[in-house]
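Below is one structure, written out as structure tokens, with a few remarks after it.
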Amino acid sequence: MITREQIATVLDHPVHDARGDKIGDARHVFFDDVTGEPEWVSVKTGLFGTSESFVPIHDAALVEDHLEVPYAKDQVKDAPNVDIDAGGHLSEQEEQRLYQYYGIDWDAAWQDPHSGTGQMPGTTGTTGAADDAMTRSEEEMHVGVERREAGRARLRKYVVTEEQQYTVPVRHEEVRVEREPITDTNRDSALTGPDITEAEHDVTLYEEQPVVETRAVPKERVRLTTEEVTEEETVTGEVRKERIDTEGTDEQGDQRRRH
């Protein structure tokens with residue numbers, strides 16, 4: 001059990017569950033109205049500590065620099081929200097609701113310490129040890145970044161067919177008839193063979209035709225790379241601040257006297 005002397009060590013320090021996982025930071029400690037003993041501790045939870053959950057402090061222990069409670073982290077974070085009046089007081093009804101949530105017997109819990117007091121149970125909160133000072137707190141906005149998937153990119157290779165035209169010269173052979181008269185030079189060749197006869201003579205003609213073939217030729221290599229680009233974005237949030245007003249004192253006069 002946490003004593004009143006240990007309250008200053010508990011406040012604003014981490015609160016861990018039974019497995020050692022951090023739940024959040026201790027914000028307030030609530031004292032029993034009758035016994036004056038610490039009864040509840042409120043824990044700041046959530047991404048920026050914007051939520052506050054109540055957890056019994058009776059069976060908690062101060063371990064090194066943190067408070068350890070015998071409840072699971074999710075159980076504490078899911079504890080019911082309670083209504084606290086302007087004086088930081090937790091009513092009997094709200095406290096009974098918390099006892100029911102944590103599975104604590106309400107009648108057994110209040111029978112011994114409150115027997116014969118004639119007072120209704122309840123608890124009053126404090127943000128520090130029992131002294132005459134009042135602690136003023138402010139919420140601070142802490143902005144972080146989280147890395148998430150923004151999209152996907154891929155390389156995909158596919159085949160397209162294009163029509164290309166090339167002009168190439170092609171050659172072919174044609175038949176041309178040449179006639180030459182009989183002269184003394186060719187007379188002997190012309191008179192060989194029979195005088196009158198039938199004969200045939202074949203000439204083979206050739207031509208060129210264009211031939212198309214394709215070959216795969218590597219042209220370039222393509223890859224995907226990523227680069228980080230830093231941009232600035234402005235985020236807006238709300239923070240709460242406590243203000244302390246004085247009544248029945250001349251604060252400015254006190255300040256002048258202190259000077």
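Using θ = phi - 60° in the Karplus curve 6.51 cos²θ - 1.76 cosθ + 1.60, the 3J(HN,Hα) couplings for the range 235-240 round to 10, 10, x, 10, 10, 9 Hz; x is entered for Gly and Pro. Across the range 163-173, computed HN-Hα scalar couplings (Karplus, 6.51 cos²θ - 1.76 cosθ + 1.60, θ = phi - 60°) run 9, 10, 10, 10, 9, 10, x, 10, 10, 8, 9 Hz from first to last residue, x flagging Gly and Pro. Amide H to amide H distances under 5 Å link F31 with E39, T124, G125, T126, where only residues 5 or more positions off or on other chains count and H is placed in the peptide plane.
Near E140: Cβ cut-off under 13 Å, other residues only, Lys/Arg at +1 and Asp/Glu at -1. The net charge is -3. Under a 5 Å amide H cut-off, with hydrogens placed 1.01 Å from N, H16 pairs with I23, L67, E68, V69 among residues at least 5 apart or on other chains. Among 182-188, 16-22, sorting by the average number of other beta carbon atoms lying within 10 angstrom of each residue, highest first, gives 16-22, 182-188.
Using the alpha-carbon positions of the range 137-259, Rg (one decimal) and Dmax (whole number) come out as 51.5, 159 Å.
A short reminder: the numbers here are calculations on the coordinates, not readings from a lab. Model, not experiment: these values are computed from the prediction. Positions of Cβ are generated from backbone atoms using ideal geometry, with glycine treated the same way; all protein chains shown enter the neighbour counts.
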